[in-house]
Amino acid sequence: MEYYVDKVFSEVDFADRGFEIAEYEQCQFKSCNFSGQTLNGAVFTDCGFENCDFSMVSIQGTAFREASFKDCKLLGMRFDRCNPFLLSFRFDQCLLDLASFFECKIKATSFISCQLKEADFTGADLTQALFKNTDLTHAIFDQTNLGKADLSTAFHFSIDPQKNKLSKTRFSNNNISGLVDHLDIIID
């Protein structure tokens, strides 16, 4: 497998030329189009992705280790199919609608100003995760560990405290209704 370190990929349309499955370390991908590509088995260590499109991308066995995504489109990404070894990333201003984090162990993951509509966090370990100014409309939380997570500025979530671990989880007075909306009560 080819190995790239400290390389910058700028405005590359991988949809046209194809993506090389390789190990990438401390590489930067700026305004790249990965749509429709197969990234299966690629390894990204300490890599940054900025303004990239990952529509309809296959990531079976792909390793993301300390990867950062900023202003990226990651609709329907199946992170649950990634290589779980040292799986870690952070997201800033990303579109992650319909993404799956099913049973992912992603402690201390940051979601900053992201949109996670209908994302699936079933069985995920999100201990100490940060959901800052993040839209969680219809996101699924079931048997999810949110211990010490910060949802104080998150919005449009619905989390059943009886079906999820919420030990020392942070909420605010503005969004606390997301913990009781399953009870079919009205809060004024």
Of Val12, Gly41, Leu87, whose Cα points farthest to the positive end of the dipole of the chain (charges on the beta-carbon: +1 Lys, Arg; -1 Asp, Glu; origin at the Cα centre)? Leu87
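How large is the translational diffusion coefficient of the chain in µm² per second when you combine the Kirkwood radius over alpha carbon pairs with Stokes-Einstein at 4 °C and 1.567 mPa s? Working shown, then result.
Numbers: Rh = 16.9 Å.
It comes out at roughly 77 µm²/s.
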Pick from Leu146, Leu95, Leu86: which is most flexible by mean-square fluctuation in a GNM of the chain where alpha carbon atoms under 10 Å apart are linked? Leu86
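Which order do the peptides 118-130, 148-160 take when ranked by the mean count of other beta-carbon atoms within 10 Å per residue, highest first? Don't skip to the end; give the middle numbers.
On the way: 118-130: 21.3, 148-160: 19.3.
Descending packing order for the listed peptides: 118-130, 148-160.
Using the structure shown, select from Lys70/Lys148; Lys30/Lys168; Lys30/Lys117; Lys30/Lys107 the pairs with a Cα to Cα distance greater than 32 angstrom. Let's see the in-between values first.
Working: Lys70/Lys148 24 Å; Lys30/Lys168 37 Å; Lys30/Lys117 25 Å; Lys30/Lys107 26 Å.
Distance filter (> 32 Å) returns Lys30/Lys168.
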P(r) weight above 22 Å for region 96-187, C-alpha pairs, percent: 13
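Each reported figure results from applying straightforward, stated rules to the coordinates on display, with no laboratory input. Note that the coordinates shown come from a computational prediction; the quantities given were computed from them, not determined experimentally. We place every Cβ from the backbone using ideal geometry, glycine too, and count neighbours over all the protein chains shown.
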